[in-house]
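Data block below; observations after.
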Amino acid sequence: MNMLDDEDDQSFHATRDSYSHLSDVEWDAVERMGSTMGIHAVSVILEALNRDAEHATIAKFIQDELDAEREKFELLRQQQAAAGGSMHSRRPETLKIDISKYRGVEEDSLLRWFVELDDAIRARRIDDGDMQVAFAQSNLAGRARTWALGLKLHDPHAFG
């Protein structure tokens, strides 16, 4: 039985045969129109229009369906991009630059070590101040490391 065959409505009995001039795609759209707008509304539309107007009306209905689906798809894509972007944001590439350990002896140049340290922090994209201090402390050795750890034990916020 066809969706548009309504036994209660004696004024309209649309069958696929009575609209053979419609393509299968158009007929499927007519059936969707019937489920969306109601059989009576579709019967009024089809009875009132000539063949060219029927094709145009059905094409408009199909286009409206496509537009609605595109809007849903775009909204879903934007939601996924927003959710995915925050969860899967790619970390910027970093460059690992090794620096010499500062020991605090006369041969070590503190200024040269600070320049190397600054270059390495920028290359690794370390923006957080606490992380920068931790990175600097990890590149201390000997007397300099002992001094920094002693100072930190005495005052945990000495470098922050």
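Restrict the check to the stretch 99-114 and report whether at least one residue is exposed (fewer than 15 other Cβ atoms within 10 Å of the Cβ) and under 38 Å from the mean Cα position of the chain (by Cα). No, the stretch 99-114 has no match at all. Could you list, in sequence order, the residues of the stretch 40-73 that are part of a helix (DSSP H, G or I), over 30 Å from the mean Cα position of the chain (by Cα) and among the aliphatic types (A, V, I, L, M)? Those that are part of a helix (DSSP H, G or I), over 30 Å from the mean Cα position of the chain (by Cα) and among the aliphatic types (A, V, I, L, M): Ala41, Val42, Val44, Ile45, Leu46, Ala48, Ala53, Ala56, Ile58, Ala59. Of all residues assigned to the stretch 43-59, at least one qualifies as being loosely packed, with under 13 Cβ neighbours inside 10 Å, touching a His at 6+ places or on another chain (Cβ under 8 Å) and not aliphatic (A, V, I, L, M).
Filtered by the rule that a residue be over 19 Å from Glu106 (Cα atoms) and surrounded by 12 or more Cβ atoms within 10 Å (Cβ to Cβ), the stretch 138-160 gives Leu149, Leu151, Lys152, Ala158, Phe159.
Taking the criterion of being touching a residue at least 24 places away in the same chain (Cβ under 8 Å), part of a helix (DSSP H, G or I) and within 22 Å of Glu93 (Cβ to Cβ), the only residue of the stretch 121-160 that qualifies is Ala123.
Read-outs: derived from the displayed coordinates by stated rules, not from any lab. Everything numeric in this text was worked out from a predicted model, so none of it was measured. Glycine also receives a Cβ, built like all others from the backbone with ideal geometry; neighbour counts cover every protein chain displayed.
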